[in-house]
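Okay, structure first, notes after.
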């Protein structure tokens, strides 16, 4: 149906329901003469008289009654759905799917969600822990959380955390039997706890930099995990050295459960970013989440 026919239909239904051009014009916010002209144009296109007019009243003809019964309820349903969409703006709802590292969840995602969700019970959040470089479009995620240098250039990236540093740590019991490494290359003689990256199927190479010089070291050890938390637990238990976010091991360092080495080789790097497709039209619920995460910076 051409758009002008739909507008004319709305005008006719208003007059047919109100049984008055005057009241219908007031309801639609148009002049009475403009409304009369609109209805007359619809009648001319249909080749049928839809309203019987007199000096004192307006009533639908047989054709008008049929159109009123057929179209009236359908337009009411559309109006109800439009009102429901407006409610979504005022009362955000729906499910948000996010992929993130376990450390990102603890450090930035959960603290924001813990404050946001109680006020919006109709918002549901599904978080999938994944250390791979997931294609969030193909896997149907709304967003992902990764450090700044890992975000693809075709994504919208929103900074949600401060710069970060990595830390190489080991337990006092481990260093009681080993000499502390002085350079990244010394790690090849140590028992190290590895992280497997599912995207590439390989083990993560520990990254260092100093004085403009970047170094990547492939380490060996008894244990391989695919998450930060078990790596740190294994280091605390004395099974080797772990390479983890500085803030994740801070309490262990402060209480003497872990000892840090090679700190001068671990410069800051861009912190966590929330990223999502540039063509994505954010829902009210997603916009709320973005604002909650951004405000924590």
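Just one residue in the set 52, 61 is surrounded by 15 or more Cβ atoms within 10 Å (Cβ to Cβ), more than 24 Å from residue 79 (Cα to Cα), without any contact (Cβ under 8 Å) to a residue 24 or more places away in the chain and touching a strand residue (DSSP E or B) at 6+ places or on another chain (Cβ under 6 Å); that residue is 61.
Assess whether residue 74 counts as being outside the structural domain of residue 142 (by TED's automatic domain parsing), modelled with pLDDT of 85 or more and more than 30 Å from residue 248 (Cβ to Cβ). Taking the combined requirement at face value, the residue does not satisfy it.
State whether one or more residues within region 122-129 are closer than 16 Å to residue 278 by Cα, assigned to a strand (DSSP E or B) and touching a residue at least 60 places away in the same chain (Cβ under 8 Å). Break it down into steps so the answer makes sense when it comes.
Residues of region 122-129 closer than 16 Å to residue 278 by Cα: none.
No, there is no match, as no residue in region 122-129 is closer than 16 Å to residue 278 by Cα, assigned to a strand (DSSP E or B) and touching a residue at least 60 places away in the same chain (Cβ under 8 Å).
Find the residue count for region 195-217, including only residues that are without any contact (Cβ under 8 Å) to a residue 60 or more places away in the chain and in contact with a helix residue (DSSP H, G or I) (Cβ under 8 Å, 6 or more places away or on another chain). Going through region 195-217 one residue at a time, the tally reaches 6.
Could you identify the single residue in 144, 119 that is surrounded by 14 or more Cβ atoms within 10 Å (Cβ to Cβ) and on the phi < 0 side of the Ramachandran plot? I'd like the intermediate steps shown before the answer.
Details: 119 fails: surrounded by 14 or more Cβ atoms within 10 Å (Cβ to Cβ).
Result of the check over 144, 119: 144.
Does residue 153 count as surrounded by fewer than 19 Cβ atoms within 10 Å (Cβ to Cβ), in the same structural domain as residue 104 (by TED's automatic domain parsing) and more than 15 Å from the chain's Cα centre (by Cα)? When the stated conditions are applied, residue 153 passes them. Restricted to region 223-257, and to residues that are under 30 Å from the mean Cα position of the chain (by Cα) and not in a helix (DSSP H, G or I), which residue is nearest to residue 165 (Cα to Cα)? In this case the residue turns out to be 245.
Quickly run through region 99-121 and pick out the residues that are in contact (Cβ under 8 Å) with a residue 60 or more places away in the chain, in contact with a strand residue (DSSP E or B) (Cβ under 8 Å, 6 or more places away or on another chain) and outside any helix (DSSP H, G or I). I'd like the intermediate steps shown before the answer.
Start the filter on region 99-121 by keeping residues that are in contact (Cβ under 8 Å) with a residue 60 or more places away in the chain, which leaves 101-104, 106-109, 111-113, 115-116, 120.
Now restrict to residues that are in contact with a strand residue (DSSP E or B) (Cβ under 8 Å, 6 or more places away or on another chain): 101-104, 107-109, 113, 116.
Passing the criteria: only 101.
What number of residues within region 258-270 satisfy the criterion of being surrounded by 19 or more Cβ atoms within 10 Å (Cβ to Cβ) and within 29 Å of the chain's Cα centre (by Cα)?
Adding up the residues that qualify gives 0.
Residue pairs whose Cβ atoms lie under 6 Å apart, sitting 6 or more positions apart in sequence or on different chains, and linking a residue in region 279-294 that is in the same structural domain as residue 116 (by TED's automatic domain parsing) to a partner that is part of a loop (DSSP other than H, G, I, E, B) and at pLDDT below 90, are 284/92; 285/92; 288/92.
The values are calculated or read from the model by the stated rules, or taken from the named source; none is laboratory data. In this text the structure is predicted, and so the values were computed from the model without any measurement. For neighbour counting, all protein chains shown are included, and Cβ atoms are generated from backbone atoms with ideal geometry for every residue, glycine included.
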